[in-house]
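Undergrad: One structure follows; several queries about it will come next.
The values are calculated or read from the model by the stated rules, or taken from the named source; none is laboratory data. A quick note: this is a predicted structure, and the numbers were derived from the prediction, not measured. Ideal geometry is used to build each Cβ from the backbone, glycine not excepted, and the neighbour counts take in all protein chains shown.
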Amino acid sequence: MDTNMLIGFSKWIPISLNKSFWDALESSLEERKWVLLDIVVGEIKHNKPLEDWCKKQKVSGLITNISDDDKNGGIKINNDYPMIDQNTFKSETDTYIIAHALNNKIGVFSAEMQKLPAEKLYKIPDVCRELGVKFIHKQKDFLESINFRN
């Protein structure tokens with residue numbers, strides 16, 4: 001799961017207003033249907049309820065640390081499909097998310113859309129397609145995958 005989706009859900013489905021969604025997400029992490037990476041959690045800033053929720057997941061052992069293989073894979077991905085803005089280092093996490101998915105034969109969930117022809121840097125869906133990594137961007141598909149029904 002990309003950071004943009006986790007932050008988005010915290011805005012669209014606030015933790016304080018929809019315990020059933022957040023419980024379903026937590027259950028999907030426990031059942032290993034979905035993975036929440038430490039680097040994604042590390043990008044959560046200025047959102048106290050989501051930061052607290054993530055801390056709870058970490059204490060429960062539900063946050064997955066990226067491995068050295070993921071880090072090396074992220075470097076290779078960026079060499080083959082430049083994703084990281086060299087001035088801001090924006091999208092560095094994206095390369096590791098994809099590398100982790102590739103190394104563990106799982107998919108990626110992100111709101112990112114394909115790059116536009118004028119854009120130089122690749123985006124998550126472009127690289128997933130090139131590497132054969134399953135990619136979803138529809139919130140409905142994700143909600144169904146965690147058996148969320150409200």
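Undergrad: Going through I84, I66 one at a time, which residue ends up being in contact with an Asp or Glu (Cβ under 9 Å, 6 or more places away or on another chain) and at pLDDT 95 or above?
TA: Criteria check complete, one pass: I66.
Undergrad: Need pairs with beta-carbon distance below 8 Å; first residue of a type in the set (K, R) and within the stretch 26-46, second not in a helix (DSSP H, G or I); sequence gap 6+ or separate chains.
TA: K33/I146
Undergrad: Please tell me if K55 is in the same structural domain as K11 (by TED's automatic domain parsing), of a type outside the set (G, A, S), surrounded by fewer than 17 Cβ atoms within 10 Å (Cβ to Cβ) and farther than 16 Å from M5 by Cα.
TA: Yes; evaluated as a whole, the condition is true for this residue.
Undergrad: Let me ask something else. Any residue that is buried (at least 17 other Cβ atoms within 10 Å of the Cβ), in contact (Cβ under 8 Å) with a residue 40 or more places away in the chain and in the same structural domain as N103 (by TED's automatic domain parsing) - is there at least one of those in the stretch 12-21?
TA: No, the stretch 12-21 has no match at all.
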